[in-house]
Every structure is written in structure tokens, then in C-alpha cells.
Amino acid sequence: MIYRSAGCFVLLLSCLVAIPAASGSENLAQSLEVLRHVALDGKDNAAAARAWKVVAAADAERLPEILSAIDGATPLGANWLRTAAEAIAERELREKRALPRKALQAFVLDTDHHPRARFLAYRWLVRSIPEMKEELLPKLAQDPSVELRREAVARLIAEASKIDAKTRPSDAITAYRRALEASRDEDQVRKIAGALKKLGQKVDLPRHFGFLTDWKLIAPFDNSGRRGFDTVYPPERELNEKATYKGKTGIVRWQAFHTDHPFGLVDFNRPYGKLKEVVGYAWADFYSPRKQQVELRLGCKNAWKLWLNGEFIFGRDEYHRGMQMDQYRYRVTLRPGVNRILLKVCQNEQQEDWTVQWEFQLRVCDETGTAILSERRSSP
Amino acid sequence: MNHRGLVALMVAACGALFFGGRVCGDDWPRFRGPDGTGVAEASRLPTRWSNVSRPPVNIAWKVRLPGRGCSCPLVVGDRVFVTCSSGYRQDHLSLQCYDVESGKRVWQRSLWATGRTMTHPTIAPAAPTPVSDGQYIYLLYSSNDVACFDLDGNLQWLRGLMMEYPNASNSLGMASSLVVADGILVAKLENDSQSLAIALHTSDGTTVWSVERPPIASWSTPVIRLAQDDKKEVVLESPRGFTAYDLKTGKVRWRFDAGGSSQASMVAAGDLLLLPARGLTALRITPGQMPRVVWDNNRLRCNTATPLVHKGKVYVISGTILKCADLETGKLLWQLRLKGRRFSASPVMAGGKLYTFSEDGASQVIDVTGRKGKVVGRGELGETILATPAIAHDALWIRSHQHLWKIARRE
């Protein structure tokens, strides 16, 4: 439950009204609670603005407490807290006063805290004490904060690149492999994979990222006038790999499709040709050893809809505005055993050469981008 | 009534010249400056500047920006503001505040994006230009995060509109700039999917009204105009037409079905509206009547840059050609080929001179007071310019890809 009950929030607002009678510590604690629970519709803004002033006026020693309040805060609450904390840090740094180094350092290293709040603390520390970077980064290569991890990986890449690959190839390979194991961001992985390739090493990128590479495809269904996006075709009602249906131009049936693209690209144009005004479906079975929360991350420049185990996750009616890895992220719960992932991918009528693509990439990972692999996954 | 509401009431009671705020004559408080005209009447700007010559010419200062963006700088009082986005995922959204004299940063505030931040590589989530009413500054990012700060960096309110409208996004990025009047802030969130416009109370960010918009991408900025019946209306442009809504209620006042530009914005000029449609169309709006076309001219086609109107003439940049036409008739008066390949920044004007900015960082200063336009100056920064510059304090304020520049006479 992200938001607490309305009654609880009214109580917090009442506390805020009583702030003048409370002590400084109580004021701060009450104000932090108000900020943590700011909801979406703007109705909490007036109370939040009053609470923000209390928090932003706090002593720098209270920064860890303020950053801790970001743990479990609503997205808007986190931003209220961030700006207040930044106002304090900015004030202290401008006045050339020291931030609470030890407490912030402990905060950075405490992975129970919100990854983003920890990265803020890291940046303040490094800004005021640059040598902290070398002290902290060696501890952060496996960090749950993607931003802290990214900094640590950059350091590992820099270290690997300093090794003379001609005279010490195995050391260079080991160093790059260490960087690769820690890296989660596409640009860093590409850089590392490129260096390893020069050293004669292969990198299984789909496995590293958790791209699904084995699919069943069925197409084409009709998308004339872009009406196919909202048309419920049989695969949305049943997943039966033996079934045949009437498609746009004849009988259609499921066919297996394996992609060996390094970034898991599934291109409908390959089996079906460069069709226009069509709908295709892609189905993958993901075997999970247990019930677990994962992220489904999709990249697609066509209109699409996504289901997991028959439950609609999200859909997007946009064509050819661009595609990138992890363009869309959805947190879902996998059940033990087989999980059925179904994706509908629509192609429209545009004829420009940049509208040929009818494709997607989808991966399963945790919130840091670490691949979560199906128990039954084919080799590359 | 809370403090913000009281302030808004006092400002309205004072009958401030600018819609609902205390913008001073020398401020540049929004996209294309006061009232969105792109014109600063009394300004002593240099006609020559360079960062590629040694020594640099007429560059008062420059600061390296901590992030990307193509939003325009604002100048309010003695401060200049610019939004940025940074981080590998461009999900750190910031507002930077600098001192106009020294270029020293006064403060900065940052938010985490609560919506998608993917954009075309040439732009960034910090694409929509903020707006100020002279007391507060209102921000919008491509992630549909909306925020209000006072001029000292105190956060007043926040909205995360992509959490409320999860398909209101564009994978190329959203870029329509905010407009404000009479205590109402209007954000145009038009895209191919969940397309809408939303009006928010400037006092606390709560919703005044929202309307569905045609599901097609548009990056143009709305116009708020005072109609002849003394009601303010906000006009929204889409490739599927133009619609005016009552500013207070969101009720439709009129429609005009000619498809507009998805990028260049319309311009209000007296009782005319100049629409980037059929080339350029001049529309006269009379209350209770259908909008009437006064003229249209398909030779006045706009691309990305918004037209500029000044002293009975209208200026458009078609491709790389600057064209000047008569405002009353639409007749083409003269044209001038500009140096540069593409023009995303809209032209601005001061002291009878038009300032143009090509994407490759080259600027031309054109004297438009004669029978034909004449290039009388040039500027060169050596950096990509997509944002429309500001004019204030006898200086040009240019946001390039990496820097914020103050261009002012040094002699």
C-alpha cells in the first residue's frame, strides 16, 4: 500500500498545524511525515509547502534523517524531500561549512536506504571532499543503486583500460570481466563487450541483460485505419499453440522464432515480410522457480499491448516515435512455474523508410537491471 | 485563503500589466518573452559577438550548464533561470538560477522524473520553457513533472502528471511551453496517445480543468489572449486544427479546422491570430462569430521557428530563408537567405533588428527598418543552439547545448 489512509493523513496535517507549539525536533519529524505522503492530485501541496520550509531550515546534521524519510515516500514526497535536503546542502556548501561526513558516509553505504537518496549523499560528499570517491567506489560495484554502481563500473573500466592488453592479456580480460559482471547500463556494457571482443572474448549479451530470445509469433491480423490496436483478436482470448485463425490475408498459426540479436530484437518483418497495417502477437513462456517480483522492460516503436498470465499490464498507441532499451518498465509478480508473456505489436500505414520497423525487445530483470533468467532458456 | 492565494489576489487587485503577475518591463518571463511576442523594445544589444575569435567579442560571461536541454532561459529581476536534465537516464530534472551580473549560480533545485524521460537524441526532458509571473517560476519537463518555486528556490508545489495520465507522453519528447494568466497555468500535453491540456491553479497546483485533445503529437506553445468580450481564452494548436478554450472554465469558445504546425507556434497580434497553417493564416476572431480568415499565404510556411510580428510586418523563417510580409494583407515584401542549415530557435527582435540563430551556433542580425532586410551583424558561439534566446538588461541570453551565455556590449 503506497499511500496511507486518509484519516492518518488528516492526523498528520493536524500535527503540522500544531507545529509552532512543538520543539524543533518534533517540528522536523512532523514535517517530514507530511512530505513523505504527498499524493498526486495537488491537494496536499499547501501543507507540503509549509512543511518544506521547516525541513529546508533544518541544521545540516539532520540531513541523514531527512534523506531517510525518502525511504517509502511517495514519488512526489521524495521530490519534496530531495529539494529540501538540497537546499540545506547547498546552503552549507555555499557557507563553506562542513557536511556531516561520517553520518553521510554511513548513509551512502547503508543499502537499506533508498538508492536515490544514497546517491544524493554520495554526490554531496564527493563535491565537498573529492577524495571520498576513491574511498567509496570500490565498495559499490554490486550496489543496488544503479547510479552508484554506474560510478563504480566506470572506475573498473578505467582500471581495465590501463592494463597493457598486449603484454598482460589475461589480466585485461579478468579486469574487463569484473567490470562486465558489475555493469548494468547499455553504454557501459557495450564498451566492455567491445574491449573483450578485441581480446578474443565472446560476451553473451542477451543472457547478460535477460532478453527473451525464444518466442512464438502469429501474424498478420488486420490493422487498417489503426483499428487493430483495440480489436480483440483470438490470441488475446486464448493461448493455444495448435490453433489456427483467420488472419488479414489468410489462415495464420503460431510459429517458433528465435532471435540471435545481441539485444534481443524480435523483428516481425523477418518471418512475415515488410507488411503494413497489420497486427502481430509474440508469446514467450518464462519459467520461474518461485513467486517473485521482477521488472518486464520493453523497447518498441510500434503500438503495443502487454499481458502477463492473461492480465493486461499496459498498452501504448504510438507509432514510430523512437525505440530504446528499457523504454518501458513494469513491475510485475511472477508465479512459480510457467508464466505466459504475450505482446501485441501493431504496424501502421506510414510509408516513410523510418517506419519499416515492426519489432520489439523485452527482458526480465530486477529493479537494478540485473537479468533474471527463465529456468528453461535456450543457449545462444 | 492561504498565503499564495492572498498574494495572487493582491496582484490581481493591483491590475498588473502582465496577466496575473508582476513581471517588470525588462523581464523575459516565458517562451518568446513578454506576452510571447519575441520583441524587446528598448534594448541596446550588440550586433557582433564571437566565442571563436581571440579574444572573444561581447561575451559578458558564460557558464557551463550541469545538464542538457533546449528550454529557453528566463530573466526575472536580477536572476536568469534555465532548466536542465542530467544523468544517464536524464531523470534528474533541475532548475538553475544565476545572477545576471556575475553569472554566479545563486541556487539550484532538482527533482527526480516521475514519468518517462526518453526523447529524441537532439533534445532532452528539459525542453518545455518555464514561465514566471514575476513572483514564482513554473516548470514543466517532458516527463510531465510540473513544479512551482519562488524566486529564492523555495518549493511551492509539485504535480507528476504522467502518474495521473500514464499514456500522455511522446517517445520523441514533449516540448510545449507553459503559459500563465490570471492565476491559471496551462500545460499542453499533446501526443499520439493520451492527449490533453490541463489548467492548474498557480497558488497550489490543483487542477482547474482538463480537456481531451486530438491524439496527435504537437510541440507548439499555446496562446492566451484577451478576446473582445473581455474574456481570456487559451488557444491550442494541433495538426488537426485550432481550438480556443475559456481560460477559467475550459469550455470551447471556437474552433478553426485548418491543420496547424506541430512545431511552430501561433502568434497573437492585436485582434489577429497568425496561425502556422496553409503556410501562414491570419485569423480575425469576433465574439459570437466564426473565426474569419483575413488572408493566408502558402509562401510563408514556417518550420520550427515561430513567426514574429512587429510594426505591421510579420517575419517567418522558411527553411533557411527569412521572409517579411505585410501583416494586414499577407503580401510578401522581401526575403533574405540566411547562413546556416536549420533554424529551431525562433527569431527575436530589439531596436529594429531581428536576431536569428541557426542550429550550428551562427547568428545573424538583420536591420528590418528599411525597404529590405539587411544583415548588419553576426554572432558565432561554436555550439549548437536550439533554444530561443532571451533579451533583458541590454543583453542577449543564449542557451546553447553546453552553456548559458550573456551577450552584451563590452565597448
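The values are calculated or read from the model by the stated rules, or taken from the named source; none is laboratory data. Being a predicted model, the structure only gives us computed values, none of them experimental. When we count neighbours, we look across all protein chains shown, and the Cβ atoms used for this are built from the backbone with ideal geometry, even at glycine. Heavy atoms of the whole protein, side chains included, go into the accessibility calculation; ligands, DNA and RNA do not. Shrake-Rupley method; radii C 1.70, N 1.55, O 1.52, S 1.80 Å.
Quick look at the numbers
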{"quantity": "Hull volume in cubic angstrom per residue (convex hull over the Cα atoms of the range A:6-139)", "calculated": "100"}
{"quantity": "Accessible area (Å², per residue) of chain B, counting only protein heavy atoms and a probe of 1.4 Å", "calculated": "36"}
{"quantity": "Convex hull volume of chain A per residue (C-alpha atoms, cubic angstrom)", "calculated": "183"}
{"quantity": "Reduction of at least 20 Å² in accessible surface, 1.4 Å probe, comparing all protein chains with the chain by itself, residues of the range A:28-64", "calculated": "A:LEU40, A:ASP41, A:GLY42, A:ASN45, A:ALA46, A:ALA49, A:TRP52, A:LYS53"}
{"quantity": "Surface/4 of the Cα convex hull for the range A:216-263, nm²", "calculated": "4.4"}
{"quantity": "Whole-percent pair-distance distribution, where bins are 10 Å wide, for the alpha carbons of the range B:244-321", "calculated": "18, 50, 27, 5, 0"}
{"quantity": "Distribution of pairwise C-alpha distances over the range B:86-166, 5 Å bins, in %", "calculated": "3, 14, 25, 24, 19, 10, 4, 1, 0"}
{"quantity": "Between the range A:143-174 and the range B:219-262, the alpha-carbon center distance in angstrom", "calculated": "55"}
{"quantity": "Amide H partners (placed H, <5 Å) of B:ARG109, local residues excluded", "calculated": "B:LEU95"}
{"quantity": "³J(HN,Hα) computed for each position of the range B:241-251 - Karplus, 6.51 cos²θ - 1.76 cosθ + 1.60, integer Hz, glycine/proline x", "calculated": "x, 10, 9, 9, 10, 4, 4, 7, 10, x, 6"}
{"quantity": "Rounded to whole Å, sorted largest first: equivalent-ellipsoid semi-axes of the range A:146-203, Cα gyration tensor", "calculated": "19, 12, 8"}
{"quantity": "Gyration tensor (alpha-carbon) shape descriptor, the range B:67-223, a/c threshold 1.5", "calculated": "oblate"}
{"quantity": "Net charge of Cβ neighbours under 10 Å - reference A:GLN292; Lys, Arg +1; Asp, Glu -1", "calculated": "+2"}
{"quantity": "Residue-averaged [θ]222 nm for chain B, counting only DSSP H segments that reach four residues, each worth -39500 (n - 2.57)", "calculated": "-1000 deg cm²/dmol"}
{"quantity": "Reachable lysines from B:LYS104, criterion Cα separation under 21 angstrom, eight or more residues apart if same chain", "calculated": "A:LYS96, B:LYS62, B:LYS406"}
{"quantity": "Total formal charge among the other residues, if their Cβ is under 9 angstrom from that of B:ASP78, Lys/Arg +1 and Asp/Glu -1", "calculated": "-1"}
{"quantity": "Interface area, B with A, accessible, probe 1.4 Å, both sides summed, Å² nearest 100", "calculated": "3700"}
{"quantity": "Across A:LYS53/B:LYS188; A:LYS216/A:LYS242; B:LYS311/B:LYS372; A:LYS216/A:LYS246, pairs whose alpha-carbon gap is larger than 19 Å", "calculated": "A:LYS53/B:LYS188"}
{"quantity": "Three-way shape call for chain B based on the alpha-carbon gyration tensor, with the a/c threshold at 1.5", "calculated": "rounded"}
{"quantity": "Karplus-derived 3J(HN,Hα), 6.51/-1.76/1.60, for each residue of the range A:49-56, Hz, glycine and proline x", "calculated": "4, 5, 5, 4, 4, 5, 5, 5"}
{"quantity": "Percent carbon-and-sulfur accessible area, chain B, ignoring ligands, DNA and RNA, probe 1.4 Å", "calculated": "49"}
{"quantity": "Relative contact order (%) - chain A, alpha-carbon pairs under 8 angstrom, separation at least six", "calculated": "12"}
{"quantity": "Heavy-atom accessible area, 1.4 Å probe, ligands and nucleic acids excluded: residues of the range B:151-188 down by at least 50 Å² from chain alone", "calculated": "B:LEU155, B:LEU158, B:MET163, B:ASN167, B:SER171"}
{"quantity": "Residue-count net charge about A:SER374 - beta-carbon cut-off 10 Å; Lys, Arg +1, Asp, Glu -1", "calculated": "-1"}
{"quantity": "Ratio Rg/Rh, restricted to the protein assembly as shown and using Cα atoms, in which Rh is the Kirkwood radius", "calculated": "0.98"}
{"quantity": "For the range A:209-365, convex hull of alpha carbons as volume per residue, Å³", "calculated": "104"}
{"quantity": "Three-way shape label, the range B:146-190, alpha-carbon gyration tensor, a/c 1.5", "calculated": "prolate"}
{"quantity": "Inter-part distance where the range B:114-144 and the range B:293-365 are each reduced to a Cα centre, Å", "calculated": "26"}
